[in-house]
Each structure stands twice: as structure tokens, then as C-alpha cells.
Amino acid sequence: MLLPATPSQTIGPYYGTALPFPGGGDAAPAGHPAVTVHGHVRDGEGAPVPDALLEFWQAAPDGSLTGAPGSLRRDGRTFTGWARVPTDRDGHYVLRTLPPPGGAPYLALCVHARGLNRHLFTRVYVTEPPGDPLLASLPAERRATLLARREAGQPDAYRFDVKLQGEGETVFLDWSAGD
């Protein structure tokens, strides 16, 4: 007998305290040139989301996508290409990682937050590469929601805010199983 599909359970708000791990936002190994990406997660009313959990993954500086084992253990030497960062009470997060390679100048981002039946996928572009198919498919105002802004006076720091809905909503990607 086949059972009908059921909707996903609403997440949290407890996962934001249960899933983070020490050093989760420090993806760049010590001694490597790193960039900082930070920002806020906000709901449709513009209020901060204090218990969101962001998972970032990216290609290694050499462009490889295989990552490295041990993502939940930071040994200070190995770049795994993955980070898990909670937001604080003001909805703010901070990620320290290696600069994305030129061939894939973005960080993939998965957003988990209370009230979401399913996590959301998007990208954080630290540069706007010419000819990127995703960016080229979007109108300029929507494309801007995927572009991190370099912080004035801080060449290795970027600001990227996530807006979950409403005016200025971040572009989210439809990534179904099997894609």
C-alpha cells in the first residue's frame, strides 16, 4: 500500500543551538589568505531571524569540488569546502573562508530557519563573472540579491544579507533531489 506524501516538518527553533559546532564558521585553515563574508538573515517584515542556520560549501582554491573529509572537525590545516554558521540574536552571521576560485566565484548557501518547510538554496557571488548562466537569466534587481558587496576599506570582507521573502527577497534556487 502506498501512503500519500506528507509535507516536511517545520524546523526549529531548537536546531540553531543543537547543530552548530566549534569553529563551524572558520572554514579557512590558519595561515591561508581568507575572506570574511557576513550579513543578516531577515524575514519578510525585515525582522532579524535569530536562530537561522546557514551551511556554505564551495570549490577548493584549485577548483576541485571533492572537498575533504572531516568537515565537522576543524584541524586548522585542512580546507573541507564546508561550513555551518548560526545567526546570533540580531540575525547576524560571520563566515571566514578561502576566496572562491575564478571558475566558480561563488559560495553555495543552504538556509535553514524556523517556519520553513524546506531549506532554501542560493548562491553568494563575491564577483560577478561574465557569462554566468544563472546571473544572466535574472533581471538586474534580482541579480543584485546574489551579489556580495565588498566592505569599504576592508578588501577581504564582503557583506551578504539574506531576505527570506517580500521586497528584495533573495533569489532562491529550485534544487530537487536527483538534480
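Where a number appears in this text, it was derived from the coordinates with a stated rule and is not lab data. This is a predicted model, so every value here is computed, not measured. As a convention, Cβ positions derive from the backbone with ideal geometry for all residues, glycine included, and neighbour counts pool all protein chains shown.
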Dipole of region 36-179, positive direction: furthest Cα of PHE79, LEU54, PRO155, with charges on the beta-carbon: PHE79
Sequence-distant residues sharing a close amide H with VAL35 (under 5 Å, placed H): THR97, LEU98
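Which value, to two decimals, describes the C-alpha radius of gyration of region 79-179 once divided by 2.2 N^0.38 Å?
The value comes to 1.10.
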Full-extension gain in nm, LEU116 to ASP75, via 0.36 nm per residue minus C-alpha separation: 11.5 nm
